[in-house]
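Asks: Have a look at this one.
No lab work stands behind these numbers, since they all come straight from the coordinates. Please read all numbers here as calculations on a predicted model, not as lab measurements. With ideal geometry, Cβ positions are generated from the backbone for all residues, glycine too; neighbour counts draw on all protein chains shown.
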């Protein structure tokens, strides 16, 4: 799954949850908590898992 697809999926989930919270049977405290946690979870799962800088130590343990 590409980054754009993951982003669109999370955006749809956040929008649907907002609509359910506004018109549905979700308690106000639960809605507030999850409404702030969903973007954090999205950021954690969409983000790249590598740093911007290259690692100064090679796989063999020697410095490059």
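Asks: With each pseudo-label sitting 7 Å past Cα toward Cβ, what's the residue 34-residue 11 distance in nm, one decimal?
Replies: Taking the two extended label points, one gets 2.2 nm.
Asks: Suppose the chain between residue 4 and residue 22 were pulled fully straight at 0.36 nm per residue; how much longer would it get relative to their current alpha carbon spacing? All intermediate terms of the calculation are to be shown ahead of the outcome.
Replies: Numbers: separation 18, 0.36 × 18 = 6.48 nm, distance 2.68 nm.
That works out to 3.8 nm of additional length.
Asks: As an exercise, find the ratio Rg/Rh for segment 3-46 from alpha-carbon atoms, using the Kirkwood inverse-distance average for Rh. Spell out each step's value before the answer.
Replies: Numbers: Rg = 10.9 Å, Rh = 10.7 Å.
Result: Rg/Rh = 1.01.
Asks: Rank these for me by crowding, 10, 43, going from fewest to most other beta carbons within 10 Å. Could you put the intermediate results ahead of the total?
Replies: Details: 10 17, 43 10.
Exposure proxy ranking, most exposed first: 43, 10.
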